[in-house]
Structures are given as structure tokens and as C-alpha cells.
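Some notes on the structure that comes next.
The values are calculated or read from the model by the stated rules, or taken from the named source; none is laboratory data. Quick caveat: nothing in here was measured; it's all calculated off a predicted structure. Cβ placement follows ideal geometry from the backbone for every residue including glycine, while neighbour counts extend to all protein chains displayed.
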Amino acid sequence: MSHPRPPARALLFVAALACAPGCERSRPPPSVLLVSLDTVSALHLEAFGGRASIPTLDRLGETGRLFTAATTPWPETGPAHWSAMTGVLPEAHGQVWLRKDSASTAPTLAELAAAGGWATGAFIGGYTLTREESGIDRGFQTWDQGHLMDPAYTETSDPQTSAKGLFVRRRAGEVVDSALAWTGSQTGPYFSFVHLFNAHFPYAPDAPERFGPVSSTLPADPLAREERLRAARDGVLQLTPDELQAAALLYEAGIAELDAALEALVEGVGCAPGAGACDVIIVVMADHGESFAPEYPFNHRGALTPEVLRVPLVIAGPGVEAGPDPRAASLLDLAPTIAGQLGLAQQYPAPAVDLLNGTLPGDRVLVARTNPFDAEQAFGAHRGPSLALLSSDHHSVLWADGSAVHHGAPMDQAEIDAALGVYRTQLADALERSPKMGGPMPQPFGSKPSHRLTPTGMVRVGPMRGSGPQGRGRPPGSPVPGGGGGAPPGGGPSGAQR
Ligand SMILES: [Zn+2]
């Protein structure tokens, strides 16, 4: 089975201009500004009860649709962005960080938009989403990653694990300037993707002193500070609660600084408040959050806590009905939703849905996973990949050893069995559509003997374990300081973020 090919370029805007008999279409096709705030956890934002303030995002959420229960399907930069761009389950993209590409041949939003006549441009702020690392430049006519890499990186085998993480990103202002120079030069509709990395480790905002007494608890020098935080992340040393707090404040300061970038972007594309009619669909997302839990600090890829999985997602623009939307939404939905807004006819496999057209099943249960290709990964006492089941009521993390942590209302066995059954079918379908997969295949959760299968073949839910004081019974939507845990202190996978 393969995806339909993108429409031929000869069909410029035909899809977007298609109009049923009797309808009226006076507007030209809209442009799109898709902004990814890498590593921004929804639970650290004021709108979700956190401390970080992004008033521009709040404003967009008021004039557009704010999805209050949006999650990432895989808390890693490459797979998450690939899923947002294609609507394909991240497992079917394979190990993007090793492949330096996706294994899926499904068309990206950029490919669809370019074929439909939109100008396409991407402006990249973080190393992990560069062309060389992710291959996600497909379909972008303009690709600006402009990284000012420290020369030392070229002499190290892995820039992600060497110090000086400051240099794996471009400052947001530079990325925004480049993006706005491009959008300002367009004479027709465009699809613009802007990736901002300021919130990512090593948490180095431009003006940390504005956000608390950081220097009294962590080294004031950014490189020395990064080394200490990195050692804590890698399990070499343990930080004091004050140091963890200081690191979280720095992270939130980085988030707050993104507001200036977002404000400039919104204004630059002509959609500032009071600017009159705006013909740009503005989408703001994050690919994953970040964990500040003592047992898993300063990382994301090995955790499925609310702090890591819950992401901001806002869609604003002409014709988008305003208001908060509490339904379970996924980054996977962005591809069908944006394609739908542009009138680009494209079939998307489940579970991806168009969030702005049609109805979502009220009992929708989404799946998020840690690396399903790595059976040896560890998180505290747990071994193997973990899987989270996410709905508007539930946030249940299942471990390969059969135990579970419920951050929302507990799921019963029948609900878990049903959700896993649906997921396995969707995963098999996605893998069938991913012809370049090769190598190891993702483990369909609960399929190995070590998963303590029940006679029905479903994962057994054991006693609550390691949920910590913030884990059980926490209502969805409530902030989870520290992320809710999931493993005993002292554990957790180490290594670089991706
Ligand atoms: Zn990321």
C-alpha cells in the first residue's frame, strides 16, 4: 500500500480553489506559518498553570483554537516533527537520528504545498532538525538552517554529547529575521516552517537574571553551568532541590524569551492585533516537553510523563473557530488539519484526523512511546520501551514489565486491551506504508515474553509502582510540578537529547 502522490504542479491551487456548486470563494488561498517551539512543555506555561509567560501564544489561543489536551506521540525531535509533517505514526519513520531521514515515503506538508503552488520555506533553529540530522527538508524550496556551529564540533564524534550545547542552536531572533525576510518577499501564498530552539537544554536565556537568583545556586558562567547540568542529566551527580528549581527557572526564562520571537513573527506576517484581515493560518506547536523530575532531569526522550508529553498546540487564522478545545489532540493531526485548511486532498491513515473538520471520537485514545526499537533501554528499575495511553481523561503509562502509572483517572484492563488492540492495527498499517524501514522493527507493545502476557495476549497491569506523590489520581489538565515521576530516584536513562 502506498500513499497517493502529491498533486501535479499543473494543478496550482486547483484543490484550494475547488468549490462546490453554489458556494462562494472570494478569498485567495491562505498562507501558513507553522512554528515549532522545540522542548516547550505545556505544563510549564501560564495558560496551563505553570510559570512561563508567552502572552503572544495566549493571544493566539484566544483568537484561534487552543487544544488543551494536545500531546506528542514520541518525545523526540526527529520522529515528532516527521509525524507532524506527514500524519504518519512515528514508529513508521524509524530511527530518524540514525537514518538521518524518515523511512516513510508519505508526502510531507511541504511537498503537498509545493506541488499545490505554495512557496515553501523552512527556518531551522536547532541542530537536531538540520537537513543532515533529520532529512526533513523534503518539499522545502527554501531551507535555511544557517548553523553557526562551534569549530570544536567538527572534531568531536557526537556534538550532542560534547559540552558547549549552546552552539547546537541559533538564537530565535536570527531565525525569525530570516523567516520574515523570506515571507516578506513572497508575492503569493506560502507555507513557512519556523523552528525555535531557545527552550532546549542547556537552558541559556539571554537575560537569566530577569527570572530569578540563578547565579547563586548554579554557576553563572553558561558553559560551566551547562557542564554541571549535563553531569546531572547523565547521572554523574545529583543536584540539590534548589539547583533543580534554578534550572527549571532558566528553562522557563528561555520559554518566556520565545514570546518576542513569536510576536515578531505574528506581526511580520501581518496578523498582529488590530492589523485587520489576516490571511495566514498560524499554527504553534511543540515537539515534546521536558522533564525536571529529580529521577530524570533535563531530558525528554525516555519519559512519558505529562510534563514531557503535553505540548502547546494553537491554530489561528481565517475561518478557524475560536475557543479552547479539550479533546485529545496529537501532533499527528497537524498534517491532515493543515492540508484540510489548504484544500489539499490527501488521505491520512488513522489515528491522524483533521482537527478542524469532522468530529473526533469522544473516547479517542492516543498512544505515545519511548523508543520502541530499543529493548534494552532503562528507566530506573524498568527495562524496555514504555507506552502511554492518552485521552481527555487518562494518561496511563505502561511499562514493559507489566506495571503501570496512572497520571489521570486509572484505566481498567478492558480499556487498556481495547486501546492496545486498535494501536496494533494502526501500527501494522503504518509499517506496511513505510517501504524503506529495513533494520530493526518497532516492538508492538506487549508482544514479547518478558512483557508478562496474559492468556489473552494483552499486557498485564500490575500494582502501581514508582508513581510518586504526584502520580496517581491526578486529574488531567492539572500541572504536575516535577513531572509525576515513574521511576525510583537515582535511575533513568542517561545520554543526549534528540
Ligand atoms: Zn525537540
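For segment 278-309, filtered to residues that are within 16 Å of the ligand (Cβ to nearest atom) and out of contact with any strand residue (DSSP E or B) (no Cβ under 8 Å at 6 or more places or on another chain), the residue that is farthest from G408 (Cα to Cα) is R301. Mind listing just one residue for me: the one in segment 34-64 that is more than 13 Å from the chain's Cα centre (by Cα) and buried (at least 24 other Cβ atoms within 10 Å of the Cβ) and, of those, nearest to T370 (Cα to Cα)? Top of the filtered list is L43. Just so you know, in segment 351-370 the residues that are touching a residue at least 60 places away in the same chain (Cβ under 8 Å) and either among the β-branched types (V, I, T) or in a loop (DSSP other than H, G, I, E, B) (or both) include one that is nearest to L98 (Cα to Cα), and it is T370. Within segment 330-350, is there a residue that is surrounded by 24 or more Cβ atoms within 10 Å (Cβ to Cβ), out of contact with any helix residue (DSSP H, G or I) (no Cβ under 6 Å at 6 or more places or on another chain), among the small types (G, A, S) and part of a strand (DSSP E or B)? Yes, segment 330-350 contains at least one residue that is surrounded by 24 or more Cβ atoms within 10 Å (Cβ to Cβ), out of contact with any helix residue (DSSP H, G or I) (no Cβ under 6 Å at 6 or more places or on another chain), among the small types (G, A, S) and part of a strand (DSSP E or B). The number of residues in segment 63-90 that are under 15 Å from T105 (Cα atoms) and away from the ligand (no atom under 16 Å from the Cβ) comes to 4.
Looking at T56, T68, just one residue is outside any strand (DSSP E or B) and modelled with pLDDT of 95 or more, and that residue is T56.
Only one entry in A247, A231 is in contact (Cβ under 8 Å) with a residue 40 or more places away in the chain and not in a loop (DSSP other than H, G, I, E, B), namely A247. Does E252 satisfy being in a helix (DSSP H, G or I) and in contact with a Lys or Arg (Cβ under 8 Å, 6 or more places away or on another chain)? The answer is yes for E252.
So, in segment 302-323, of the ones that are farther than 27 Å from S192 by Cα and not hydrophobic (A, V, I, L, M, F, W, C), which residue ends up modelled with the lowest pLDDT? Taking the candidates together, the pick is G302.
The listed residues are V194, V236, V266, and the only one of them that is among the β-branched types (V, I, T), away from the ligand (no atom under 16 Å from the Cβ) and within 21 Å of the chain's Cα centre (by Cα) turns out to be V266.
Regarding L60, is this residue within 25 Å of G317 (Cα to Cα) and within 16 Å of the ligand (Cβ to nearest atom)? No; evaluated as a whole, the condition is false for this residue.
This table checks each residue for (1) in a loop (DSSP other than H, G, I, E, B); (2) modelled with pLDDT under 95; (3) in contact with a strand residue (DSSP E or B) (Cβ under 6 Å, 6 or more places away or on another chain).
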| residue | (1), (2), (3) |
| --- | --- |
| W97 | no, yes, no |
| D101 | yes, yes, no |
| P107 | yes, no, no |
| A110 | no, no, yes |
| A114 | no, no, yes |
| A122 | no, no, yes |
| E132 | no, yes, no |
| R138 | yes, no, no |
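Taking each residue of segment 371-383 that is buried (at least 22 other Cβ atoms within 10 Å of the Cβ) and looking for partners that are not in a loop (DSSP other than H, G, I, E, B) with beta-carbon atoms closer than 6 Å, six or more apart or interchain, yields P372/E91. Among the conditions (1) in contact with a strand residue (DSSP E or B) (Cβ under 9 Å, 6 or more places away or on another chain); (2) over 30 Å from L34 (Cβ atoms), the only one that A381 does not satisfy is (1).
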